[in-house]
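Peer 1: Quick one: structure below, then a few questions.
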Amino acid sequence: MDFLPVSHFPYDNTVVARSPREISVKGVKINQPNLFSHMAVSYHNSSNLMRELSTFAFCALRGSSPLSRIVTHSLALICKNSGYLRLASVALPSLRPGQVLVNVRACGLCRTDLYAIEGRIRTWHRRFIPGHEFSGVVTEVGPKVSDIAEGMRVVVNPIIPCGLCPVCEADEAHLCPEFRQMGVDLNGAFCEQVIVSAEQLYPIPDSLSFEEAAFAEPIAAALGVMNAKIELDARGAVMGTSRIARLTWRVLKACGFSQVCLLDNRQAEQLEAPGFDFVVETDMSTEIFNQMVRLIRPGGRIVLKSRQYQSFEITLRQIIPFQPVIHVVNYGPFQSAVDLLTSMELEVSDLIGDRLSFDEFQSAIEHGQLDEQLKTFLIPGSL
Ligand SMILES: [Zn+2]
Ligand SMILES: [Zn+2]
C-alpha cells in the first residue's frame with residue numbers, strides 16, 4: 001500500500017488522523033474528509049487499528065513553508081530487552097537536508113539481526129529497531145537532495161561510513177573502520193517507513209524484485225573476500241552449505257574465480273590434504289578453523305568472512321607448519337553488489353524463503369533461527 005502525501009494542507013504542523021473524517025491539528029479537531037478520501041479506502045479495508053492510525057498519520061504538511069513536513073508515525077518492530085519484539089507506532093521527524101523517506105517493501109532477516117535481537121551483540125540502545133537488508137520506494141525527498149525522486153525503487157546501503165577517516169578520504173568508504181550499521185549501531189528497517197540519507201540509496205530496475213534487491217547487503221559482505229586480493233586462477237573452497245556459503249561461492253564465481261568449490265564439513269573431512277591456495281569460512285568455530293588449516297597448502301590463505309560474535313581458539317603450535325596467511329575481511333563496495341544483481345550475473349531468487357507480514361514477526365524470527373538455507377523476509381504493510 002502506498003502512502004500518498006497531502007501536498008497543500010493549509011496548516012504547518014503535525015497531523016494525527018484518527019479516522020478518515022476526524023483529524024486533529026494542534027489538538028483542534030477538524031473535518032477534512034476530502035483530503036483523506038484516498039486513505040478512506042485503506043481505512044475501511046484494514047482491520048488493524050495501529051496500522052490504520054499510522055497510515056492516516058502519513059500526510060505531508062507543506063503549507064506555508066516548502067520544507068515543513070509532517071509527520072508522523074510509522075509502524076515498526078521494536079526490540080526491547082533481549083529477544084522480546086513488539087509492534088509499535090514510532091514517530092518520524094521532519095526530513096533534514098540530504099534525507100529521504102523510504103517506504104520499506106522487503107527486509108531480509110540475517111544472522112546479524114538475530115544476534116542483535118537475542119542480545120548477543122551490543123546495540124546502540126537496549127531498545128532499538130532491527131533490520132538492515134532492505135529495499136523500497138522513495139516516498140518523500142528532503143531538501144538539498146538531487147537525483148532522487150519520489151516513486152524511485154531503491155535498495156539502501158545500511159552501512160554508514162564515518163566519512164572523516166583516512167580510509168573514507170581515500171574514497172574507500174566500504175573499508176571504513178568506524179562504520180555504523182543500521183539495525184545495530186542505529187535504528188534499522190523493520191519499519192513501514194524509514195528515514196535515510198540520500199547517499200545510502202541505490203536505484204534498482206523494475207526487473208529486480210524488492211527481495212532480490214535486499215540481497216545487496218549480504219552480497220557486499222561476500223565481496224569482502226575480494227579484499228584479500230587472491231589471484232582469480234587460485235584454487236580454493238568456500239566452507240559450508242548454508243545460503244551464506246552458497247551466495248559467497250556464487251559471488252566468487254561471478255567475480256571470475258574459476259577454480260573454487262563449495263565444501264560441506266563432511267566432504268572437507270574426507271579430503272586428503274587437497275592443498276588449496278585459499279579457503280573461505282562462512283560459519284566460524286575452532287573446528288572449522290583447524291579444518292581450514294588442514295585444507296590449504298603451506299603458505300595458503302585462510303579468509304575469515306563470517307561475522308560471528310563468539311571467539312574461537314587458535315593453537316599456534318598446531319598451525320605453524322602450515323604457515324597460513326589469515327585474512328579477516330569486511331565489506332566490498334555496495335555499488336558492485338548492486339551491479340552484480342542488476343546485470344543478472346548473480347542469481348539469488350532461489351535463496352528467497354518465506355515472506356511474512358509484520359503480524360507474523362514471531363514466526364519470521366523462528367524461521368530465521370531455524371532456516372539457514374533460505375532467507376526469510378519481513379514484508380511491512382502486507383497486513
Ligand atoms: Zn545481513
Ligand atoms: Zn571512515
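Every number here is computed from the coordinates shown, using simple stated rules; none is lab data. This is a predicted model, so every value here is computed, not measured. Every residue, glycine as well, gets a Cβ built from its backbone with ideal geometry; the counts of neighbours run over all protein chains shown.
Peer 1: Kindly put 223, 370 in sequence by how many other C-beta atoms sit within 10 Å of each C-beta, fewest to most.
Peer 2: Least to most surrounded, the residues fall as 370, 223.
Peer 1: Hey, another quick one. Along the Cα→Cβ direction, 7 angstrom out, place labels at residue 127 and residue 350. What is the inter-label distance in nm?
Peer 2: That separation, rounded to one decimal, is 4.5 nm.
Peer 1: Quick one: grab the alpha carbon gyration tensor of the range 114-189, order the square roots of its eigenvalues as a ≥ b ≥ c, and give me rounded if a/c is under 1.5, else prolate or oblate depending on whether a/b is larger than b/c.
Peer 2: oblate
Peer 1: Order of 289, 134 from fewest to most other C-beta atoms within 10 Å?
Peer 2: 289, 134
Peer 1: Then there is this: Which of rounded, prolate or oblate describes the range 263-367 when judged by the alpha-carbon gyration tensor and an a/c cut-off of 1.5?
Peer 2: Here the range 263-367 falls in the prolate category.
Peer 1: So, R0 is 35 Å and r is the distance between the beta-carbons of residue 149 and residue 307; what FRET efficiency does that work out to, to 0.05?
Peer 2: 0.55
Peer 1: In whole angstrom, note down how far apart the Cα centers of the range 243-308 and the range 218-237 are.
Peer 2: 11 Å
Peer 1: Which shape class, rounded, prolate or oblate, goes with the range 207-261 when its Cα gyration tensor gives a ≥ b ≥ c as root eigenvalues, a/c under 1.5 marks rounded, and past that a/b bigger than b/c marks prolate?
Peer 2: prolate
Peer 1: Something else: Once the Cβ-Cβ distance between residue 330 and residue 207 is put in as r, and R0 is 30 Å, what FRET efficiency do you end up with, to the nearest 0.05?
Peer 2: 0.50
Peer 1: Here's a follow-up. Within a 10 angstrom radius of the beta carbon, how do 125, 73 rank from fewest other beta carbons to most?
Peer 2: 125, 73
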